[in-house]
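Here's the structure we're looking at; comments come further down.
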Amino acid sequence: MTAYGPGLEKTGVVLNKWTEFTVDAKKAGKASLKVSCLDVDLKPIPVEVQDKKDGTFLCKYMPKKSCKHTITITWGGVQIPNSPFRVSTES
C-alpha cells in the first residue's frame, strides 16, 4: 500500500491550485479507502477521490490557506505507511 505524487510532497504545493496524488492499493486486498485533509486550524479541505478501477485511486485537493496541511490516508480503517503526510503550502 503506497501513496505518492506532488500533493503529498513536503513542499511545492501551491495555494489555490489543484494538486493530486495517487493511492496504490493493488496488493492491499479489499477494503475501504478514506482520505482526509486538514489545514493548520483543523478545518477540513475537500478531497476528490476517483477510483481508477485498476487498484489505484486518484486524489486531488485545493489548499486555500498558506499553512501546513495534514493528509491522512486509511485503508480498512488502518493508516497506510507514512500517513499522515505533512504538506507545506506556498503562495
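Could you identify the single residue in Thr72, Thr89, Thr11 that is modelled with pLDDT of 95 or more and touching a strand residue (DSSP E or B) at 6+ places or on another chain (Cβ under 6 Å)?
Values: Thr89 fails: modelled with pLDDT of 95 or more; Thr11 fails: modelled with pLDDT of 95 or more.
Result: Thr72 is the single residue among Thr72, Thr89, Thr11 that is modelled with pLDDT of 95 or more and touching a strand residue (DSSP E or B) at 6+ places or on another chain (Cβ under 6 Å).
When only residues in segment 62-85 that are over 15 Å from Tyr4 (Cβ atoms) and assigned to a strand (DSSP E or B) count, which is most open to solvent (accessible area, probe 1.4 Å)?
Among residues in segment 62-85 that are over 15 Å from Tyr4 (Cβ atoms) and assigned to a strand (DSSP E or B), the one most open to solvent (accessible area, probe 1.4 Å) is Lys68.
Quick one: how many residues across segment 33-53 are touching a Ser or Thr at 6+ places or on another chain (Cβ under 9 Å), surrounded by fewer than 12 Cβ atoms within 10 Å (Cβ to Cβ) and assigned to a loop (DSSP other than H, G, I, E, B)?
2
So if I check each of Lys30, Lys10, which one is without any contact (Cβ under 8 Å) to a residue 24 or more places away in the chain, part of a loop (DSSP other than H, G, I, E, B) and open to solvent by 90 Å² or more (accessible area, probe 1.4 Å)?
When all the criteria are applied, what remains is Lys30.
Could you please tell me which pairs satisfy a Cβ distance under 6 Å, a separation of 6+ or placement on different chains, a first residue in segment 46-60 that is within 12 Å of Thr19 (Cα to Cα), and a second residue that is open to solvent by less than 90 Å² (accessible area, probe 1.4 Å) and of a type in the set (D, E, K, R)?
That search, which allows pairs on different chains as well, returns Glu48/Lys60; Lys60/Glu20.
Being within 12 Å of the chain's Cα centre (by Cα) and either over 23 Å from Asp54 (Cβ atoms) or modelled with pLDDT of 95 or more (or both) is the requirement here; does Thr2 meet it?
Criteria met by Thr2.
Hey, can you tell me all the residues within segment 13-23 that are of a type outside the set (D, E, K, R) and in a loop (DSSP other than H, G, I, E, B)?
Result: Leu15, Asn16, Trp18.
Report, by residue number, each residue of segment 49-75 that is farther than 20 Å from Lys10 by Cα and within 15 Å of the chain's Cα centre (by Cα).
Keep residues of segment 49-75 that are farther than 20 Å from Lys10 by Cα, which gives 49-57, 75.
Of everything in segment 49-75, those that are farther than 20 Å from Lys10 by Cα and within 15 Å of the chain's Cα centre (by Cα) turn out to be Val49, Gln50, Asp51, Thr56, Phe57, Trp75.
The values are calculated or read from the model by the stated rules, or taken from the named source; none is laboratory data. It should be emphasised that the depicted structure is a prediction, and the values quoted were computed from it without experimental measurement. Methodologically, a virtual Cβ is constructed for each residue, glycine included, from the backbone with ideal geometry; neighbour enumeration extends over all protein chains shown. Surface accessibility is based on the protein's heavy atoms, side chains included, excluding ligands, DNA and RNA. Shrake-Rupley method; radii C 1.70, N 1.55, O 1.52, S 1.80 Å.
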